[in-house]
1. Given a cut-off of under 8 Å on Cα pairs at least six residues apart, what relative contact order in percent is computed for region 1-83?
2. Roughly speaking, what is the stretch gain from residue 53 to residue 263, that is 0.36 nm per residue apart minus the C-alpha to C-alpha distance, in nm to one decimal?
3. Only Lys, Arg, Asp and Glu count, each charged at its Cβ (+1, +1, -1, -1), so figure out the dipole size of the chain about its Cα centre, rounded to 20 debye.
4. Which value, in Å² and to the nearest 10, is the accessible area of residue 225 when all protein chains are kept and the probe is 1.4 Å?
5. If I ignore ligands, DNA and RNA and count only protein heavy atoms, how much of residue 111 is accessible to a 1.4 Å probe, in Å² to the nearest 10?
6. Using a 1.4 angstrom probe on the protein heavy atoms only, could you order 97, 4 from most to least accessible area?
7. Under the rule of -39500 (n - 2.57) per DSSP H run of 4 or more residues, summed and divided by the residues of the chain, what mean residue ellipticity at 222 nm is obtained, to the nearest 500 deg cm²/dmol?
8. Among the helices of the chain (complete DSSP H runs), which have Cα atoms covering no less than 15 Å along the helix axis and a Kyte-Doolittle mean of at least 1.0?
Amino acid sequence: MYALPTAIAVTGPDLVLPPPDRHTPSAAVLQSAVRDPRTYSLDQALTEMDTLIEHHGYVVVLCPASAPAAVTHRLHAVRSVLESDRIAVVRSDLPPLGLAVLALQLRQLSICDFSPGVLASAARLLSHYIYAGALLGSVAKLDRVPVSLQSHAKSWLPGARFAVLATPRPELVKLSEGGGATPQGPGFATRMLYAPGQLAPGWVTETLAPAWHCQGVTEARPAAESARWWATGKLVEFAAAIPDISVLYQLVSSVRRDDCHWCGLELIGDRCAFCAAPLPPAADHPAPRRALAPSGATALPRGVT
């Protein structure tokens, strides 16, 4: 029995949000991902990860899909050299603030009675319930969300603003001076975090949050990666997500669990987060029970089972 819960590790300090209570553990910021490999050797990276495994038993590493190739190569090199099946590297397409919210949710759930395999594979499930986007002053160089030629052209107009939703469903709305439409929001209770860049946050806090019926709005520190991810510094990043640990617990608990046929760890979904082995074909595997929708939701996001 390990004294500490499964470690949640991240690839940058901007992915560590303040805990909502004194019970939620912090995340480990991997120096092997932050520091230059020329000054932080592979031996140091191995020691860093080995220490986390020794103290926590298992480590779930959240890594943005947009991370430089050198970062992911180093993570997989560490896992390979240690020959450890106790490290899960979870890649995510969420934008920076959304990924920080996911890391916080996993930190909250790490103190619950979920096994490491379930906790790691829950990252994919929870991502479907995070509404992450940004208010942008330009979409001229944005390539992570589909942008029409008309929107590209309007980006060059003075004072242009766009509300862009990256997940769970990409959406782009050109804002008029009077406010106008907003991206389609969640059908369940959320709390919104926002991180202002070079734009004022008024539209996010005074228009979007009320339109989405958010239960509260909290300012977060802007991530250094945000301007690169959104291809402009004229932005206000936002993310609306389930804040209540009891609802998160119910959501993950409602999904059928299976044992990985390769490493033996529990999992939810169709692939083990630790060894990447897929579940057997559907013909040999009963259909999983659908996850319960959060309170107030009329349906689950598409693709969630």
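The values are calculated or read from the model by the stated rules, or taken from the named source; none is laboratory data. Keep in mind that this is a model prediction, so the values were computed, not measured. Ideal geometry is used to build each Cβ from the backbone, glycine not excepted, and the neighbour counts take in all protein chains shown. What goes into the accessible areas is simple: the full protein's heavy atoms, side chains included, and nothing from ligands, DNA or RNA. Shrake-Rupley method; radii C 1.70, N 1.55, O 1.52, S 1.80 Å.
1. Numbers: 90 pairs, mean separation 32.8, N = 83.
This gives 40 percent for region 1-83.
2. Numbers: separation 210, 0.36 × 210 = 75.60 nm, distance 1.69 nm.
Going from the current span to full extension adds 73.9 nm.
3. On the way: 25 positive and 24 negative charges, 158 e Å.
So the dipole magnitude of the chain works out to roughly 760 debye.
4. About 60 Å², ignoring ligands and nucleic acids.
5. Accessible area of residue 111: about 80 Å².
6. Working: 97 10, 4 80 Å².
The most accessible residue leads, giving 4, 97.
7. Working: 8 runs with 79 residues, N = 305.
Calculated from helices alone, the mean residue ellipticity at 222 nm is -7500 deg cm²/dmol.
8. Values: long enough: 42-56 (21 Å, -0.38); 69-82 (20 Å, 0.62); 96-109 (20 Å, 1.22); 116-127 (17 Å, 1.07).
Helices meeting the criterion: 96-109, 116-127.
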